[in-house]
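A quick write-up on the structure given underneath.
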Amino acid sequence: MSIFKERTIELIRQALPDELQAELDLNRLVEVPPDPTLGDFAFPAFSLAKILRKAPAQIAQDIAAEIEKPVWLERVAVVGGYVNFFIEKGQRAHDVLTTIAAQKESYGSTVQDTPKTVVIDFSSPNIAKPVGVALIRTTILGHSLARIFSFRGYQVERVNHLGDWGTQCGKWIVGYRMWGDEEQLRLSPIKELFRLYVRFHKEAEVDPALEDAAREAFARLEQGDPEIYALWERFRSLSIEEFKTIYARMGITFDSYNGEAFYEDKMAAVVSMLTEKGLLQTSEGAKIVNLDDENLPPCLIQKSDGATLYATRDLAAAIYRWHTYQPTFVLYVVGAPQQLHFQQVFAVLRKAGMQWVDRYEHIPFGTIRFGDQAMSTRRGNVVFLEDVLNEASARALAIIEARNPNLAQKEQVAEQIGIGAVLFRFLVYSRMKDISFDFASALSFEGDTGPYVQYTYARAGSVLRKAAQVECNSTQLDYAGLNSAEEMTLIKELERFPDVVEAAEAAREPAGIAHYLLELCRAFNGFYHEHRVVGSNLEAERLELLRATRTVIANGLFLLGLEAPEEM
């Protein structure tokens, strides 16, 4: 919680009748007035009218009368049913800037009183294929949520539920045996396996018997054929190593790559458990769980031929994750079209008496459009995530060459800007909003973009370097002079960062942090254009304001997965 909001809440709590102090959610009730002339914080007394049987205006007067004004509070004013709080400007500047200077990269973070674990399931590509851009949103969103929850004091388990099982595995095996190039597999495993996959489908259109061969190969894999299993294990291992290379460019790591294959030997126990609890019914030879009482279609657990399905695997995974992690939350960062699937899976677990499933959440998101290219893996017309990152980095390098050709380490900075532009573009929108992506908009140094935020960070750093001033003890400065409208706007933005992070966690929505960074940068640039820093009579204090701004921008960028370049 922000510094002065927390203090204001405590003042209100102490002024309330004893019986109300623990009941009211003051964090939710205390608000920032839309008009700054009405104060910095306001408490609406309307919600207490029925409880106290008084008019809101009288309740507000009573609360104000009980408040003993501390040194950080300029005044309290009652307007109608509102108690308005005005923070003393110099004290606010001092406390906000010294807190940021002391806490640095931990400013805005939280330490949990008791250990809590959150499991986040995201990305989840199929092995033996390049990571397609269709997975970019789950990957970026899941990564940001993982950082936000970690920043909020949780132990985060990042899970990549790989698509590493099924008939498609038989297709790679048949394709490799018929047309595989061992040298290419060694040099570029994913591209070679993808080539074989695409060729398999082209050849199968002419020779349908290939589909039977693939099903036979997968059946042998399920039976544990040593030769087939060794090939599958090799394809999986090679895939993970290439995935890690792509993820590393975005700063992403995983704690588990347990995918569909991992749960293959755990599904029989799920079927047995559902049978024992009397939940399985037979429908046209298949096994289902009826969910009429949940207003949901039946959940198919086992086909008539005995084969299990995604739902069976996700039930096994859910049970495994509960017993393994004892999580506070499990978040499935999966597209909105899978909403019904997760409703059914969670409903089955609830009917089976596993009430811990209330801690499990589907985090849906909207679709993306990337140009006009159809994304068909079978046909080979797929946009690869690696190609998107390469293109973004190359375009960023071209921009740097035009803007700042003498910049040191141009390639490294271009990578930071290019990839940052892609990440920010997908996070600045609400996760449920459908997105159309284009490079020109994402890479602009103006507007609601990642490069704009990164450039603001670099600009503030440039001023600090030109000042050539040794960082002073921030607690010994006199901040009373930082009282202009632009300076106070910036300080207020800096102060509210912890609230923004808290809200992002609660909503499972990084977009709030992205929008906050844009507002913070606009506040900084408004200040910078109106006020001289180096050489002014407030040079030391304003340089500290720049340092605090850079700290908060860097913290926010980190939570979104972006780097903060020192120069651009």
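Of all the listed residues (65, 57, 146), the sole one being in a helix (DSSP H, G or I) and touching a strand residue (DSSP E or B) at 6+ places or on another chain (Cβ under 7 Å) is 146. Search region 441-460 for residues being aliphatic (A, V, I, L, M) and part of a helix (DSSP H, G or I), and hand back the single one that is surrounded by the fewest Cβ atoms within 10 Å (Cβ to Cβ). Looking at the filtered set, the residue picked out is 458.
Is it the case, given these coordinates, that residue 485 is without any contact (Cβ under 8 Å) to a residue 12 or more places away in the chain and hydrophobic (A, V, I, L, M, F, W, C)? Yes: the conditions hold for residue 485.
Residue 143 meets the stated requirement of being modelled with pLDDT of 95 or more and either in contact with a His (Cβ under 9 Å, 6 or more places away or on another chain) or within 28 Å of residue 497 (Cβ to Cβ) (or both). Within region 30-45, the residues that satisfy the criterion of being of a type outside the set (Ser, Thr, Tyr) and not in a loop (DSSP other than H, G, I, E, B) are 31, 36, 38, 41, 42, 43, 44.
Has region 483-496 got any residue that is in a loop (DSSP other than H, G, I, E, B), out of contact with any Leu (no Cβ under 6 Å at 6 or more places or on another chain), within 28 Å of residue 110 (Cβ to Cβ) and basic (Lys, Arg)? Within region 483-496 (the criterion being in a loop (DSSP other than H, G, I, E, B), out of contact with any Leu (no Cβ under 6 Å at 6 or more places or on another chain), within 28 Å of residue 110 (Cβ to Cβ) and basic (Lys, Arg)), the answer is yes, since at least one residue qualifies. One residue stands out among those in region 1-54 that are basic (Lys, Arg) and surrounded by 13 or more Cβ atoms within 10 Å (Cβ to Cβ): the one that is nearest to residue 73 (Cα to Cα), which is 7. Screening residue 179 with (1) out of contact with any Asp or Glu (no Cβ under 9 Å at 6 or more places or on another chain); (2) surrounded by fewer than 24 Cβ atoms within 10 Å (Cβ to Cβ); (3) more than 25 Å from residue 263 (Cβ to Cβ) gives one miss only, at (1). The number of residues in region 206-240 that are under 30 Å from residue 562 (Cα atoms) and in contact (Cβ under 8 Å) with a residue 24 or more places away in the chain comes to 4.
Of everything in region 58-76, what is among the aliphatic types (A, V, I, L, M) and either under 40 Å from the mean Cα position of the chain (by Cα) or crowded, with 16+ Cβ neighbours inside 10 Å (or both)? Give them in sequence order.
If the condition is that a residue be among the aliphatic types (A, V, I, L, M) and either under 40 Å from the mean Cα position of the chain (by Cα) or crowded, with 16+ Cβ neighbours inside 10 Å (or both), then 59, 60, 63, 64, 67, 71, 73, 76 are the ones that fit.
Checked against (1) surrounded by 22 or more Cβ atoms within 10 Å (Cβ to Cβ); (2) among the small types (Gly, Ala, Ser); (3) part of a loop (DSSP other than H, G, I, E, B), residue 170 passes all but a single condition, namely (3). Return a yes/no flag: does region 461-472 have any residue that is under 29 Å from residue 142 (Cβ atoms) and part of a helix (DSSP H, G or I). There is no residue in region 461-472 that is under 29 Å from residue 142 (Cβ atoms) and part of a helix (DSSP H, G or I). Criterion applied to 465, 425 was being among the charged types (D, E, K, R), free of Cβ contacts under 8 Å to residues at least 40 places away in the same chain and within 30 Å of residue 365 (Cα to Cα), and the one residue passing it is 425. The selection criterion, being surrounded by fewer than 19 Cβ atoms within 10 Å (Cβ to Cβ) and in contact with a Gly (Cβ under 9 Å, 6 or more places away or on another chain), holds for residue 336. The residue that is nearest to residue 489 (Cα to Cα), among those in region 90-134 that are among the acidic types (Asp, Glu) and part of a helix (DSSP H, G or I), is 95.
Of 158, 137, which residue is assigned to a strand (DSSP E or B) and crowded, with 20+ Cβ neighbours inside 10 Å? Exactly one residue qualifies, and that residue is 158. In region 234-246, the qualifying residues are those that are surrounded by fewer than 19 Cβ atoms within 10 Å (Cβ to Cβ) and among the hydroxyl-bearing types (Ser, Thr, Tyr), and the one that is farthest from residue 173 (Cα to Cα) is 245.
The values are calculated or read from the model by the stated rules, or taken from the named source; none is laboratory data. On a predicted model such as this, the values are computed, not experimentally measured, just so you know. Please note: Cβ atoms are built from the backbone with ideal geometry, for glycine as well, and neighbour counts cover all protein chains shown.
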